Amino acid sequence: MPEFFPWWVAVTHFLNLFFLLLLARSGLEVLSAFPKLYWYDNCPPGREWLRFSKKMYGADSRKPWTSLDEEEAWTPLIALPGKKNIGLGRHWHFMSVQFWILTGLVYIVLVFATGYWHYLIPTHWSIIPDSINSLGTYLHFQIPSKIPGEPFEPAQKLTYFIIIFLLAPFQVLTGAAMSPSVLARFPWYGKIFHGKQGARSLHFLGLVAFAVFTVIHVFMVLIHDVPKEAASIVLANQDANGIEAIIIGCAGLFLILVLHVVITWFSLRYRRRTQRMLGVMVNPFERVISKSFLSRERFHSKDISPYFRVNGYPPTGEHYEQLAEEGFQDYRLPIGGLVDHPVSLSLADLRGLGGQSQITKHNCIQGWTAVAQWGGVPLARIIELVGPQERAKHIVFYAFDDKGLTEGEGRYGFFYGSIPVHLATNPQSILALEMNGEPLPIEHGAPVRVRLETQLGFKMVKWVCAIEFIEDYRDIGMGQGGWREDQQYYANAAGI
Ligand SMILES: Nc1nc2c(c(=O)[nH]1)N[C@H]1C(S)=C(S)[C@@H](COP(=O)(O)O)O[C@H]1N2
Ligand SMILES: [Mo]
């Protein structure tokens, strides 16, 4: 039989703690952007089952509001990095999850290769009455005895089994069920968890379960023989000097604390650098998903959400307001850049290019969802029409809204967004002119907006005023590929 406390258990235990803390804190940052939990993908305002915010916005509110108004600034003491930085929080989350899964895989391989699984996986139903017995013993303020020839008592073994083999995979699976690309490509997968909001709620409850486990786990160690437990898990040797083990263990915890302080401080102080450095780890993964998953969403009219949140206040310029007043009859959409046939299209021209309609679910980066029907021109038709040159790698959509005027918060410049050309040829990538069978309402992007159903909402530029085919987005704006990427440090691939 394997040793009770091999060295690799000590090492992976430590790494696991480090990455789980990163995941928990960056996960809370993501939650702070939309601090409400739902079981239904319509996300009706006021119908959340859990809310971490005092602010209330009703569907019938007189004062216009957008989903960014629902965001909360959480303290860097609990969230990574805190202070309304969902872009960076997501970077940390997706960076950490890769290392956490890697640690987990190494651990699982060793668990099976060494036979350690005998200590963790119950092979007989008697584990249940035995665990209940253990609990009874604890309630009498006594320590239950270990399973003969094994390192843990029955309740402990059962708990570890649940955490390692059920809770950890559950967090990975519910996490994947929140990716817009996964949801658009495999709509059935989301249904397993009752949609994105179900997955989001369950993912949060998984975090709560991890937290409850950790508290009980630490408490149990404290009521057991601390020096001996420390020797086992820190030095991988039950008989080692316990005091030494406690000191080394505390030094390890202190190291984790210091790393978290440094990471948090650095992320808040050097946001662009953090976005770039973590992007190296995170973007390739997002790009692969965005590239290989084509949308297959087909909802029914009965699924259409009664209320569809707005994100981004409408443009305020005189030019736009006048166009809107006249029903956009003078609107022209110039499409140019690295193309063979630049054009300038009226709404009638656009309609003449042939239509496509789709009922799909919108995924805002903050976390809310809503279903609507979108009608318009496939971007593939636009590409055919203008004939991009070989050098054209990205498409930029420029918008009418000057965010310095409409959103403030110290941000500035006109909204824009770019996508790689291949994303425009996806089956559900369209320039939408209609929403739910009506011309686009002003707040949802009239007269023309982008829909890319495998992506997060921020990639779908509303109030489009011009389209340009370019080679490299680094020459535009602050060079990150879009206004939210520039100003809010979002990643510019948005498949997750
Ligand atoms: N021009 C422009 N387009 C925009 C935004 C914006 O602020 N300005 N916000 C984006 C974000 S973050 C989201 S989630 C969606 C919201 O679309 P909706 O308002 O129709 O719900 O629009 C995207 N397109
Ligand atoms: Mo968004």
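We did not get these values from a lab; they are worked out from the coordinates using the rules stated. Only a predicted model underlies this, so the values are computations on that prediction, with no experimental measurement involved. Every residue, glycine as well, gets a Cβ built from its backbone with ideal geometry; the counts of neighbours run over all protein chains shown.
Over the chain, calculate the relative contact order: mean separation of alpha carbon pairs under 8 Å at least 6 apart, over the residue count, as a percent.
Rounded, it is 17 percent for the chain.
I need the shape label for region 345-437. Rule: rounded when a/c is under 1.5, else prolate if a/b > b/c, else oblate, with a, b, c from the alpha carbon gyration tensor.
In terms of gyration-tensor shape, oblate.
Helix 226-235 against the longest principal axis of the chain: what's the angle in degrees, Cα atoms only, rounded to the nearest 10?
That helix lies at roughly 60 degrees to the long axis.
Under a straight-distance cross-link criterion of Cα-Cα below 16 Å, which lysines are reachable from Lys228, leaving out those fewer than 8 residues away in the same chain?
Straight-distance partners of Lys228: Lys146.
Lys/Arg Cβ at +1, Asp/Glu Cβ at -1, dipole of the chain taken about the Cα centre: which of Trp117, Ile247, His341 is farthest positive-ward?
Checking the options against the dipole of the chain, the answer is Trp117.
Could you tell me how far the Cα centroid of region 116-134 sits from the Cα centroid of region 22-54, in Å?
Result: 36 Å between the Cα centres.
In the chain, if the dipole is taken from +1 on Lys/Arg beta carbons and -1 on Asp/Glu beta carbons about the Cα centre, which of Val226, Tyr331, Leu17 is farthest to the positive end?
Toward the positive end, the furthest listed residue is Val226.
What's the local net charge at Val377, with K and R +1, D and E -1, over the other residues with C-beta under 14 Å away?
+1
Please compute the Kirkwood hydrodynamic radius over the chain, one decimal place, Å, based on all pairs of different Cα atoms.
Taking every pair of different Cα atoms in the chain, averaging 1/r and inverting gives 25.0 Å.
Which ³J(HN,Hα) values in Hz, rounded to whole numbers, follow from the phi angles of region 3-16 under the Karplus curve 6.51 cos²θ - 1.76 cosθ + 1.60, where θ = phi - 60° and Gly and Pro get x?
Values, residue by residue: 4, 6, 9, x, 4, 5, 5, 4, 5, 5, 4, 5, 4, 4 Hz.
Relative to the longest principal axis of the C-alpha atoms of the chain, give the angle of the C-alpha long axis of helix 242-269, reported between 0 and 90° and rounded to the nearest 10°.
Here the helix axis deviates by roughly 10 degrees.
Whole-Hz Karplus ³J(HN,Hα) for region 302-318, in order, using 6.51 cos²θ - 1.76 cosθ + 1.60 and θ = phi - 60°, x for Gly and Pro?
5, 7, 4, 6, x, 10, 10, 4, 10, 10, x, 6, x, x, 10, x, 4
All other residues with a Cβ under 15 Å from the Cβ of Ile78 taken together, and with Lys, Arg as +1 and Asp, Glu as -1, what is their net charge?
+1
Normalised by the empirical 2.2 N^0.38 Å for globular proteins, what value does the Cα Rg of region 1-97 take?
Taking N as the residue count of region 1-97, the ratio is 1.48.
Using 31 Å as the Cα-Cα cut-off, could you pick out the over-long pairs in Lys63/Lys393; Lys84/Lys196; Lys83/Lys196?
Lys63/Lys393
Quick check for me: using +1 on Lys/Arg Cβ and -1 on Asp/Glu Cβ, what's the dipole size of region 152-253 about its Cα centre, in debye to the nearest 20?
In total the dipole reaches around 800 debye.
Is region 297-488 rounded, prolate or oblate when judged by the Cα gyration tensor, a ≥ b ≥ c being the square roots of its eigenvalues, rounded requiring a/c under 1.5 and prolate requiring a/b larger than b/c?
rounded
Nearest 10 degrees is fine. How inclined is helix 127-139 to the longest principal axis of the chain, computing both from alpha carbons?
Taking the Cα atoms of the chain, the angle to 127-139 is about 70 degrees.
Given an 8 Å cut-off on Cα distances and at least 6 residues of separation, report the relative contact order of region 7-288 as a percent.
Relative CO of region 7-288 lands at 21 percent.
Quick one: grab Rg to one decimal and Dmax as a whole number for region 7-288, Cα atoms only, in Å.
Just the Cα atoms of region 7-288 yield Rg and Dmax of 21.3, 70 Å.
Let me check against my output: what whole-number percent is the relative contact order of region 49-157, with C-alpha pairs under 8 Å and at least 6 apart?
Across region 49-157, relative contact order equals 14 percent.
Considering the dipole of the chain built from charges on the beta carbon (Lys and Arg +1, Asp and Glu -1) around the Cα centre, which of Ala184, Ser429, Gln171 is farthest to its positive end?
Highest projection toward the positive end goes to Gln171.
In debye to the nearest 20, how big a dipole does the chain give about its Cα centre with +1 on each Lys and Arg Cβ and -1 on each Asp and Glu Cβ?
In total the dipole reaches around 280 debye.
So, counting K/R as plus one and D/E as minus one, what does the shell of residues with Cβ under 13 Å around Asn283 add up to?
Spelling it out: positives minus negatives among the neighbours equals +2.
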